[in-house]
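**Student:** To start, I am sharing the structure in question, which I have written as structure tokens.
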Amino acid sequence: MKDAQPRAIYLKDYQQPDYWIDTSALTFELGEESTLVTSTLNFHLNDSRQHDTLPPLPLHGQEMELVSVAIDGEVIPADQYQVDKEQLVLQPKSDRFETTIVTRIKPQENTSLEGLYRSSSMYCTQCEAEGFRKITYYLDRPDVMSVFTTTVIADKEKYPVLLSNGNAVDRQDLDNGRHLVTWNDPFKKPAYLFALVAGNLDFIEDKFTTMSGREVTLQIFTESHNITKCDHAMRSLKKSMKWDEDVYGREYDLDIFMIVAVDDFNMGAMENKGLNIFNSSAVLARQDTATDAAFQRIEAIVAHEYFHNWSGNRVTCRDWFQLSLKEGFTVFRDAEFSADMNSRTVKRVEDVNLLRSHQFVEDAGPMAHPIRPDSFIEINNFYTLTVYEKGAEVVRMIHNIVGKDGFRKGTDLYFDRHDGQAVTTEDFVTAMEDANGVDLTQFKRWYSQAGTPVLDVTDDYDEEKQEYRLTIRQSCPATPGQKTKLPFHIPVEVGLLDGEGEPMPVTSEGKTTLILDLKDEEQTFVFTGMDERPLPSLLRGFSAPVRLNYDYSREELIFLMSNDEDGFNRWDSCQRLAIDVLLELVAAVQEGRELVVDESLINAYRQVLSDTSLDKAMVAEMLNLPSETYLAEQMDVIDVDAIHRAREFVKQQVAVGLQDQLLATYQRLNIEKLYRPEAEDIAERVLKNTCMAYLVELDDVVGVELAKSQYAAATNMTDTMAALNCLIHATHESAAPIVGKALAEFAEKWIGDNNVMDMWFAAQAGSPRTGKLEKIKELMEHKAFDKKNPNKMRSVVSVFCGRNLVNFHDLSGSGYEFLADEVIRVDTLNPQLAARLINPMTRWKRYDEKRRELMQKALKRIQSHDLSADIFEVVSKSLA
Ligand code: B3K
Ligand code: ZN
């Protein structure tokens with residue numbers, strides 16, 4: 001770091017601004033060389049702050065040329081304002097005034113994908129969190145909300161479509177082949193929700209009639225070659241609009257809702273008011289181009305962004321420390337939507353898997369932070385799994401504490417009370433308390449304390465008294481800046497099973513499941529009238545984001561797997577069993593002992609496979625071994641090679657042990673059918689493909705033959721990709737010649753489809769067998785690769801470093817050097833992307849000494865460069 005070091009900002013320093021903005025009128029003249037932005041802003045003094053004289057007005061602004069400034073129509077000479085790399089400071093002369101500021105920007109040179117930039121042939125914007133300040137000088141903070149009117153002027157032939165927030169209020173043809181469209185958004189909003197799009201785009205259109213009978217026009221825009229891939233997103237949008245009315249009573253508020261798909265985008269999508277901008281991978285899907293997983297991801301992201309219209313836009317965040325107010329809540333909303341549209345238990349399993357294998361890692365690492373952080377250097381580094389996923393778990397716990405109806409009362413009050421305001425997580429919790437007459441004071445520690453709490457559970461049974469006692473101790477590991485923690489209020493849902501596997505009543509009304517409110521460091525819960533010793537089913541539905549330890553025997557886990565009435569815990573027991581077996585084998589690998597897989601795991605899987613009462617997607621989830629990342633988390637010192645060996649060995653032994661059954665299941669499900677991306681059909685495909693993935697582990701041609709025929713016959717991308725992945729991973733020698741040919745044919749067919757090619761790249765980069773570092777470098781030179789495009793970089797670099805652990809952590813250190821080079825290169829172009837790429841190296845302290853040294857060296861090399869605030873923060877916190 002050569003320049004002055006970026007500074008942290010603190011939640012405790014929050015102050016309202018000295019001025020508010022009432023209206024913002026913007027005119028964009030888009031030109032090939034540069035874009036001229038004229039902004040006319042109406043300010044008034046913030047009376048709730050103390051002023052003796054009129055305070056100066058500092059406006060945020062970066063990377064732009066200031067052309068002129070006027071206040072109330074009078075041009076201000078340069079000696080009467082200050083301008084530097086970060087801001088423009090004006091001195092107002094009255095408590096109400098209008099500024100007119102003209103700036104020149106160069107979107108075509110903007111590689112950060114923040115502010116106004118170009119993606120292929122179009123212009124688009126991304127303003128959250130602080131990108132608007134790259135467009136014009138402004139009070140770029142979420143508590144400053146104003147009414148925006150936006151005029152876009154551009155060449156009509158090149159940019160026939162000109163979009164911004166709200167409703168179109170004027171269209172005109174101008175001289176020199178240009179045209180103009182003016183948009184007005186009647187809802188006050190912060191600048192981060194501003195959006196603009198200009199391009200030669202096609203669109204599909206539909207209508208939605210809201211619950212009060214208003215007709216809304218729905219449009220999805222994309223480049224014309226992708227127009228046949230928008231129907232699924234449109235269906236998802238209509239379902240989301242209906243669901244938000246039914247479940248939350250929330251209606252859409254403008255006459256038009258637009259989605260635009262762009263190829264160069266840092267994250268999934270953005271909820272700009274009335275004009276959502278999406279990463280094309282989160283919109284485009286057709287059965288031949290997108291997998292079931294992509295169809296489901298699209299449905300969830302469309303819903304998520306749509307739901308933000310209330311949880312985020314109508315009620316927004318006071319400051320960026322409150323990010324989880326909108327993100328945690330909206331993730332909870334989209335998760336419930338997906339659960340209602342598909343299988344609830346499967347959705348829960350997927351979310352918990354993500355949380356445990358990635359958020360728990362974050363919470364135990366150098367970047368750990370509470371869901372409401374109390375300081376940050378670069379806010380873009382805080383769009384994390386903690387703020388999003390753990391934030392959603394915290395909202396879910398409130399939902400569980402106050403119940404479904406109580407939660408709805410709480411959200412009704414929250415939306416009514418705060419409509420049009422920028423508020424805090426505290427306000428959200430207060431609405432829940434007020435609507436339900438509950439006290440959530442202790443619960444609020446979830447917002448301020450970082451780290452994953454640990455529950456250690458023990459029990460005893462008194463036969464004479466017929467009493468069963470469950471003792472739960474909570475603790476929470478230290479995290480950066482937080483050595484000790486106060487006890488959390490943790491809702492722990494439990495049930496008890498008798499010796500026959502029947503649920504036992506646990507409440508006086510005879511209910512068989514109940515939520516224990518754990519509030520102390522240690523608490524004992526007594527169950528009376530127990531005529532036998534029960535087996536506890538703990539943390540049902542994953543009722544709190546914690547790690548839970550209870551000394552289950554393998555027999556008990558198998559018993560729970562087949563008898564627990566809680567579907568989530570049936571899966572979790574299966575996971576616990578697999579982890580136990582796998583960690584035992586990891587130790588055997590490390591000690592050079594012979595590897596033997598406990599038969600009980602294979603028998604358990606056999607039983608799962610033959611249980612026709614189970615949802616097929618659940619069967620697949622149960623057969624899925626815990627990921628290498630999750631296993632790594634269970635170890636004090638991570639041994640990637642031993643984990644990989646052990647896991648591969650178990651896969652292979654399961655395949656050997658269950659060969660006939662896997663084959664029979666595959667054949668039973670491999671029937672030609674019309675493609676539908678619906679839960680039931682998706683479940684059939686996922687189970688079939690899980691069986692195939694085991695069968696290619698055999699030292700036998702059978703699996704390869706299946707994959708080969710499925711690859712040739714597939715009529716949808718789910719089956720195509722599953723077969724291709726199986727060929728890539730197959731152990732049998734007959735796979736090698738086929739896989740090369742299949743990959744080449746695939747690339748030839750799909751070279752023009754960015755999203756499909758991303759899967760092709762990822763399949764190779766993620767495979768321990770094909771994805772060696774030389775191959776990674778070769779992939780990055782492929783003609784379909786683009787070193788500036790976030791999707792491409794993620795599909796090769798992030799997949800290699802995050803999933804292909806044995807190759808990334810190669811003892812030569814070459815993986816670390818490669819990642820350091822890429823981070824340094826990307827940081828000069830797109831700091832947000834660089835900060836995501838570096839993530840796998842931030843947990844260096846968890847590895848063996850040799851790897852620790854190598855990673856530390858690579859991090860220090862990065863640190864010696866002139867860095868963005870984003871990378872500076874991640875690197876310095878990691879090395880601390
Ligand atoms: N709100 C955006 C995320 C913006 C990220 C900026 N670095 C997408 C979402 O969560 O809906
Ligand atoms: Zn969001």
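The values are calculated or read from the model by the stated rules, or taken from the named source; none is laboratory data. Just so it is clear, the model here is predicted, and its values are computed rather than measured. Methodologically, a virtual Cβ is constructed for each residue, glycine included, from the backbone with ideal geometry; neighbour enumeration extends over all protein chains shown. Only protein heavy atoms, including side chains, enter the accessible area calculation; ligands, DNA and RNA are left aside. Shrake-Rupley method; radii C 1.70, N 1.55, O 1.52, S 1.80 Å.
**Student:** Just from the alpha-carbon atoms, what are the Rg and Dmax of region 188-311 in angstroms?
**Tutor:** Final numbers for Rg and Dmax: 13.7, 42 Å.
**Student:** Could you list the residues of region 196-222 with an amide nitrogen less than 11 Å from a label point located 7 Å from the Cα of Ser120 in the Cα-to-C-beta direction?
**Tutor:** In region 196-222, the label zone of Ser120 (backbone N under 11 Å from the point 7 Å along Cα→Cβ) covers 200-202, 222.
**Student:** Of Ala282, Leu139, Val102, which is farthest along the charge dipole of region 21-307 in the positive direction, counting Lys and Arg as +1 and Asp and Glu as -1 at C-beta?
**Tutor:** Value: Ala282.
**Student:** In percent, what relative contact order does region 757-880 have, based on Cα pairs under 8 Å that are 6 or more apart in sequence?
**Tutor:** Averaging sequence separation for qualifying contacts and normalising by length gives 21 percent for region 757-880.
**Student:** Using Cα positions and a limit of under 16 Å, work out the aspartates and glutamates in reach of Lys857, with same-chain residues fewer than 8 apart set aside.
**Tutor:** Counting by Cα, and skipping residues close in sequence, Lys857 has these aspartates and glutamates nearby: Asp810, Glu817, Asp821, Glu822, Asp848, Glu849.
**Student:** Sticking with this structure for a sec: Quick check on the chain: helices-only [θ] at 222 nm, where DSSP H runs of length 4 and up contribute -39,500 (n - 2.57) each and the sum goes over total residues. Nearest 500, please.
**Tutor:** Details: 27 runs with 343 residues, N = 880.
Theoretical 222 nm ellipticity from helices: -12500 deg cm²/dmol.
**Student:** Given axes a ≥ b ≥ c from the Cα gyration tensor, I'd like to know whether region 389-511 is rounded (a/c under 1.5), prolate (a/b larger than b/c) or oblate. Let's see the in-between values first.
**Tutor:** Values: a/c = 3.05, a/b = 1.51, b/c = 2.02.
Verdict is oblate for region 389-511.
**Student:** Related question: For Arg469 and Glu599 in the same chain, what is the full-extension length gain: residue separation times 0.36 nm, less their Cα-Cα distance, in nm?
**Tutor:** Values: separation 130, 0.36 × 130 = 46.80 nm, distance 3.28 nm.
Length difference between fully extended and current span is 43.5 nm.
**Student:** Return the equivalent ellipsoid semi-axes of region 454-563 as a descending list in whole Å, where each equals the square root of 5 times an eigenvalue of the C-alpha gyration tensor. Don't jump to the answer; show the numbers that get you there.
**Tutor:** Numbers: eigenvalues 141, 47, 32 Å².
Sorted largest first and rounded, they come to 27, 15, 13 Å.
**Student:** Moving on. Expressed as a rounded percentage, what relative contact order does the chain have, with Cα pairs under 8 Å and six or more residues apart? Write out the running numbers ahead of the final one.
**Tutor:** Numbers: 1687 pairs, mean separation 76.4, N = 880.
Taking the mean separation of contacting Cα pairs over the length of the chain, I get 9 percent.
**Student:** Can you bin region 723-880 into rounded, prolate or oblate? Criterion: square roots of the alpha carbon gyration tensor eigenvalues sorted a ≥ b ≥ c, rounded for a/c under 1.5, prolate for a/b above b/c, oblate for the rest. Working shown, then result.
**Tutor:** Details: a/c = 2.94, a/b = 1.58, b/c = 1.86.
Since a/c reaches 1.5 but b/c is at least a/b, the shape of region 723-880 is classed as oblate.
**Student:** Next question, about the same structure. If you take the Cα atoms of the chain, find Rg, then find the Kirkwood Rh from the mean of 1/r over all pairs, what is Rg/Rh? Walk me through the intermediate numbers first.
**Tutor:** Details: Rg = 28.1 Å, Rh = 29.1 Å.
Value, to two decimals: 0.97.
**Student:** Note the full-extension length gain between Gln108 and Asn42 as 0.36 nm times their separation in residues minus their Cα-Cα distance, in nm to one decimal.
**Tutor:** Values: separation 66, 0.36 × 66 = 23.76 nm, distance 2.98 nm.
Taking 0.36 nm per residue and subtracting the Cα distance, the gain is 20.8 nm.
**Student:** Using a/c under 1.5 as the rounded threshold, could you call region 1-75 rounded, prolate or oblate? The axes a ≥ b ≥ c are square roots of the C-alpha gyration tensor eigenvalues, and prolate needs a/b larger than b/c, oblate otherwise. Could the numbers behind the result be given before it?
**Tutor:** Details: a/c = 2.32, a/b = 1.17, b/c = 1.98.
Here region 1-75 falls in the oblate category.
**Student:** Here is a follow-up. Please report the carbon-and-sulfur percent of the accessible area for the chain; probe 1.4 Å, protein heavy atoms only, DNA, RNA and ligands left out. Please list the in-between numbers first.
**Tutor:** On the way: 16190 of 34210 Å².
Here it works out to 47 percent.
**Student:** Still on this model: Taking 7 Å along the Cα-to-C-beta vector as the label spot, tell me the Glu678-Glu521 distance in nanometres, rounded to one decimal.
**Tutor:** It works out to 5.5 nm between the two label points.
**Student:** OK, next. Give the relative contact order (percent, whole number) for region 324-448; include only Cα pairs under 8 Å separated by 6+ residues.
**Tutor:** On the way: 106 pairs, mean separation 39.7, N = 125.
With pairs under 8 Å counted, the relative contact order is 32 percent.
**Student:** For region 324-448, what is Rg from Cα atoms divided by 2.2 N^0.38 Å, rounded to two decimals?
**Tutor:** Values: Rg = 14.7 Å, N = 125, 2.2 N^0.38 = 13.8 Å.
That works out to 1.07 for region 324-448.
**Student:** With N set to the residue count of region 527-621, report its C-alpha Rg divided by 2.2 N^0.38 Å to two decimal places.
**Tutor:** Numbers: Rg = 15.1 Å, N = 95, 2.2 N^0.38 = 12.4 Å.
Dividing the Cα radius of gyration by 2.2 N^0.38 Å gives 1.22.
**Student:** Okay, next question. Can you tell me the alpha carbon radius of gyration of region 556-698 divided by the globular rule-of-thumb value 2.2 N^0.38 Å?
**Tutor:** On the way: Rg = 15.6 Å, N = 143, 2.2 N^0.38 = 14.5 Å.
Normalised Cα radius of gyration, region 556-698: 1.08.
**Student:** Residue by residue, what Karplus-based ³J(HN,Hα) values in Hz, rounded to whole numbers, does region 133-138 have, using 6.51, -1.76 and 1.60 with θ = phi - 60° and x for Gly and Pro?
**Tutor:** 5, 8, 9, 7, 5, 6
**Student:** I've got another one for you. With the Cα gyration tensor of region 47-206 in hand, convert its eigenvalues to equivalent ellipsoid semi-axes via √(5λ) and list them largest first in whole Å.
**Tutor:** Values: eigenvalues 183, 60, 53 Å².
Working through the eigenvalues yields semi-axes of 30, 17, 16 Å.
**Student:** Further question: For the chain, report the accessible area per residue in Å² (1.4 Å probe, heavy atoms, rounded to an integer).
**Tutor:** On the way: 34210 Å² over 880 residues.
Accessible area per residue, the chain: 39 Å².
**Student:** Of all the C-alpha pairs in region 251-408, what % are more than 30 Å from each other? Working shown, then result.
**Tutor:** On the way: 1840 of 12403 pairs.
The calculated P(r) of region 251-408 puts 15 percent of pairs beyond 30 Å.
**Student:** ³J(HN,Hα) across region 271-288 via Karplus (A = 6.51, B = -1.76, C = 1.60, θ = phi - 60°), whole Hz, x for Gly/Pro?
**Tutor:** Running phi through 6.51 cos²θ - 1.76 cosθ + 1.60 with θ = phi - 60° gives 8, 2, 3, x, 9, 6, 10, 10, 4, 4, 5, 9, 10, 7, 7, 9, 4, 8 Hz.
**Student:** Determine, from the Cβ-Cβ distance of Asp72 and Asp206 and an R0 of 51 Å, the FRET efficiency 1/(1 + (r/R0)^6), rounded to the nearest 0.05.
**Tutor:** Details: r = 46 Å, r/R0 = 0.89.
My answer for the efficiency is 0.65.
**Student:** Next up: List the residues whose amide H sits under 5 Å from the amide H of Gln421, counting only those 5 or more places along or on another chain, with H placed 1.01 Å from N in the peptide plane.
**Tutor:** Thr316
**Student:** Please list Phe208, Phe132 in order of solvent-accessible area, largest first, computed with a 1.4 Å probe with all protein chains present. Kindly include the intermediate steps, with their values, before the conclusion.
**Tutor:** Details: Phe208 20, Phe132 0 Å².
Sorted by accessible area, descending: Phe208, Phe132.
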